[in-house]
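Take a look at the structure set out below.
The numbers here are math on the coordinates, done by the rules we state, and not lab data. Small disclaimer: the values here were computed from a predicted structure and weren't measured. For neighbour counting, all protein chains shown are included, and Cβ atoms are generated from backbone atoms with ideal geometry for every residue, glycine included.
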Amino acid sequence: MSDLKIAVIGVGKMGSFHVDSLTSRIRGAQVTVVSDYSAEQAEKVAAPVGARVVADPLEAVGASDVDAVVLASPGFAHEKQVLACLDRGIPVLCEKPLTMDGASSYEVVKAQAALGRELIQVGFMRRFDNEYVALRTLIESGQVGAPLMLHCTHRNPAVPDTFTSEMAMADSVVHEADCTRFLLGEEVVAVSVIRGVPTSAAPAGVSDPMVVLFETESGRLVTVESFVRTQIAYEVRTELVAEKGSAFIGLDQNLQVKQAGPTGTGIWGGTITPDFVARFGQAYDTQMQTFVDAAREGTVAGAGVWDGYAAAAICEAGVQAVRTGERTAVKLEARP
Ligand code: ISE
């Protein structure tokens, strides 16, 4: 079987990581087309891998040397680009968010259902992270009994000053929304937000850190600490509390070193990953290999269009909860 020819649309931090992954670590794929609103950035990423630059993203989707698309363009551009992939009948791996709100994501859900084929995969890469997979396997095995609660920590070292509390919900906490659904296998029905004392690194009026509470269909509780300006490193942890035990992932338990410290005493410890690409590199690559393997068969695997829609609806409620301080219900339409 010949290599899958891929167009990567949007080659900022994430898109250029995907181009590198597809070129050097993924089997059965070749990046043939690169598109970006910055012609200079597109050329910089395309040239070393022998891809051609197509300025118009919709033209890239329609190109004859493209069998599948990886979308890492800004979220507001996704809807049109994903629908163009459906129109052409080719698989697409779309970075989150699927679209900017629940209503437009539901339109995409309906469009795929009308087509009768699954062609959209949403880039919730944590579903491919070895630790998240192990935690879900543990839950499914019943070894620690029925799950009761999740406690999630989501810390980023820094974000631009333009990154508001609403953006923390839509851009960062969205992963915890998807993990909740992935780990517990049920929908989130309500979101509440509690704002605490902000870090001095946060601009005036921005709540950082904040605590988010998800309630699931069966009444399980999920707490999320969202803190995007820790000024330290990237820390993402989850603790499961179940009837007969608990379990933890994300402890940065890699290389632990003991050595002489500055004060004549010994010190020990390891390092914390600096950012999400370093922390989830394995998950991104596994997700991409899964996408390529499925796309060569004309389909997709992993988080689907419904997962993208549910996450968009949860974040919409979350943004509302940030703004009003009120517990906000998540409204999901019927699954087609
Ligand atoms: C970023 O867009 C991601 O997807 C990361 O996983 C998340 O941790 C970060 O907060 C987001 O800005």
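Each 5 Å bin from zero holds the following percent of Cα-Cα pairs in the range 161-227: 4, 17, 28, 21, 14, 9, 5, 1.
Would you kindly give the portion of the calculated P(r) for the range 16-165 that falls above 18 Å, as a percent of all Cα pairs?
Values: 7554 of 11175 pairs.
Pairs farther apart than 18 Å: 68 percent.
Counting trypsin sites (Lys or Arg not before Pro) as exposed when in a DSSP loop with at most 14 other beta carbons within 10 Å, what is the longest stretch of the chain free of them?
Longest gap between qualifying sites, sites excluded: 118-243.
Of all aspartates and glutamates in the structure, the ones whose alpha carbon falls short of 19 Å from that of residue 331, not counting any fewer than 8 places away in one chain, are 101, 107, 166, 176, 178, 186, 187, 215, 217, 307, 316. With 20 Å as the limit on Cα-Cα distance, the pairs of 13/110; 13/80; 80/110 that go past it are 13/110; 13/80. Normalised by 2.2 N^0.38 Å, where N counts its residues, the alpha-carbon radius of gyration of the range 37-83 equals 1.15.
Couplings 3J(HN,Hα) for the range 241-254, derived from phi with the Karplus relation 6.51 cos²θ - 1.76 cosθ + 1.60 (θ = phi - 60°), are 10, 10, 5, 10, x, 9, 8, 10, 10, x, 8, 6, 8, 9 Hz, where x marks Gly and Pro. Listed values for the range 87-95 are Karplus-derived 3J(HN,Hα) couplings in whole Hz (6.51 cos²θ - 1.76 cosθ + 1.60, θ = phi - 60°), namely 4, 7, x, 10, x, 9, 9, 9, 4, and x replaces Gly and Pro.
Debye-formula intensities of the range 63-138, expressed as log10 I(q)/I(0) at q = 0.12, 0.13 Å⁻¹, are -0.38, -0.44 (one equal scatterer per alpha-carbon, no solvent). Scalar couplings 3J(HN,Hα) for the range 257-272, obtained by applying the Karplus form with A = 6.51, B = -1.76, C = 1.60 to θ = phi - 60°, are 10, 10, 7, 5, x, x, 9, x, 8, x, 10, 9, x, x, 10, 9 Hz; x denotes Gly and Pro.
What ratio of Cα Rg to 2.2 N^0.38 Å holds for the chain?
Details: Rg = 20.5 Å, N = 336, 2.2 N^0.38 = 20.1 Å.
Computed over Cα atoms of the chain, the ratio equals 1.02.
Could you work out the local net charge near residue 252, counting Lys and Arg as +1, Asp and Glu as -1, over the other residues with Cβ closer than 12 Å to its Cβ?
Working: positive: 155, 237, 279; negative: 131, 235.
Here the charged neighbours net out to +1.
For residue 329, what charge total do you get from the other residues with a beta carbon under 14 Å from its beta carbon, if Lys and Arg give +1 and Asp and Glu give -1? Display every interim value, and only then the final one.
Working: positive: 327, 331; negative: 187, 215, 217, 316, 326, 333.
With Lys, Arg at +1 and Asp, Glu at -1, the net is -4.
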